[in-house]
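Reviewing the structure listed below.
Nothing in this text is a laboratory measurement; each read-out follows from the coordinates by a stated rule. Note that the structure is predicted; figures quoted are calculated from it, not measured. Quick reminder, even Gly has a Cβ in these numbers, built from the backbone with ideal geometry, and neighbours come from all protein chains shown.
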Amino acid sequence: MLATLIPLFDDNMSVCAYSVFARKENHFVNPNYEGGARFDGAGTVHELEVVSSMGVQTLSGGKEVFVPINQFSIFAEISLQCTVPANKVVLLMDNSITPEENYVKRVRELKEQGYKLAMRKLPILSFEPYREILNKCDYILLNHAKIDITKAKIYFSNVYPNIKLVAVNVNTQEEYDELRKDGGYDFYEGGFFRMPVVESETEVNPLKANYIELLNVVNAPDFDLTDAADVIGKDPALVISLLEMVNRMSLNSDITSIRHAAAMLGQKELKRWINTAVTKELCSDKPSEITRLVMIRAKFAENLAECFELGMMAPELFIMGLFSAIDVMLDKTMEQALGMVQVSNNVKQALLEGKGDFAPVLDFIKRYEDADWTEVSRVLVLKNIDMDKVYEAYLSALKWYRDLIPAT
């Protein structure tokens, strides 16, 4: 099994829902799945397996999850496959589900069971023929490049006033800003929040400069605990977080100073905590998805270390994941941002040039995040990696993030 989440944003760049995409089999190992065999077991919605096994709180922080269904799985006993509340699940249909009476009837049944419904891949000319189905839909996903949103907004507000419009394939910040300015869309989906900063003259604010100093202290070879403790002492939020962590670990100990707390945590655990805590603070003025992205990416990279025969470098891979959006965090180019922090050559090569031992791991993770299952499956075959180990590595990263930031 392979599975990933793709976020949907609103006008404030806040994540309001996730689409879940999964693949049960590796089509490179089983080429029959590219033909008629892909319909074997079509009544099973694999994405619902993921949702049910993880729960919406771990998977999406309690937000709605969009689950794709096709012309076969729509007739499955979805209620038996889904163990989470129906109102948290949006069944995502496509144009393989036609406006014939048997489909229309089934759509009505699912709506009555409490599921929300969405439609995607629907050409403009099909809006009217699909009227009975669209009347039951809560969302419609539209390719913003192929539609005039001004006209669409008027049409949908008159004909389907309760349906929310989702712009898909929004791949740059500029596209997002233009669509938001024009109005009409409720949500957006695309990779724009991951786009690198291409140029910047923005000065790093003093608080972020303090965080960068702390990162450089703990990522230096054999760093000094007292030096780290002194930098932590400059930020009350980090001091409180450190003391809370140490108190949980040592209930019967009286902590006399920040240096004492740092010593109790130890060099290895202090370094790990600082890298995650500081990354979270660096993202505090960015969309919450940036924090989630880099944290999960870091843990996923660490978990994949053995799969890529880099087991001894797992901590470095964790750092690579954390810093994979540091350009966005600091509003600098990647080259400028990495010039401010101390990282290994392996991390720098992967993030700057897409080269070196770590680059294949980073590329694999990005493909996985985009649900590019063809490329992911190809890599699994070439490197003889067990699909289930990758799936477990991803789920483990989701659970780790849930426990790290439970309020997210």
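Descriptive notes on the structure:
- Counted residue by residue at 0.36 nm each, then reduced by the alpha carbon distance between them, the extension gain from Lys121 to Gln173 reaches 16.4 nm.
- In the chain, helical runs assigned H by DSSP with n ≥ 4 each contribute -39500 (n - 2.57); averaged across all residues and rounded to the nearest 500, the mean residue ellipticity at 222 nm is -14000 deg cm²/dmol.
- Region 286-408 - Rg (one decimal) and Dmax (whole number), Cα, Å: 14.1, 39
- Förster-model FRET efficiency, 22 Å R0, Asp386 and Thr44, C-beta, rounded to 0.05: 0.55
- Note, ³J(HN,Hα) from phi for region 125-130, Karplus 6.51, -1.76, 1.60, rounded to Hz, x at Gly and Pro: 5, 8, 4, 6, x, 8
- Spacing of the two label points (7 Å from each Cα toward its C-beta) at Lys151 and Leu243, in nm: 6.3
- Descending principal axes extents, region 2-194, alpha-carbon based, whole Å: 44, 40, 34
- Residues whose amide H lies under 5 Å from that of Met119, counting only those 5 or more places away or on a different chain, are Met93, Tyr139, Ile140, Leu141; hydrogens are built 1.01 Å from N in the peptide plane.
- Rounded to 5, percent antiparallel among DSSP beta bridges of the chain: 30
- Projected label distance in nm at Glu100 and Glu128, using a 7 Å step from Cα toward the beta-carbon: 2.3
- C-alpha center-to-center spacing [region 128-166, region 350-399] in angstrom: 36
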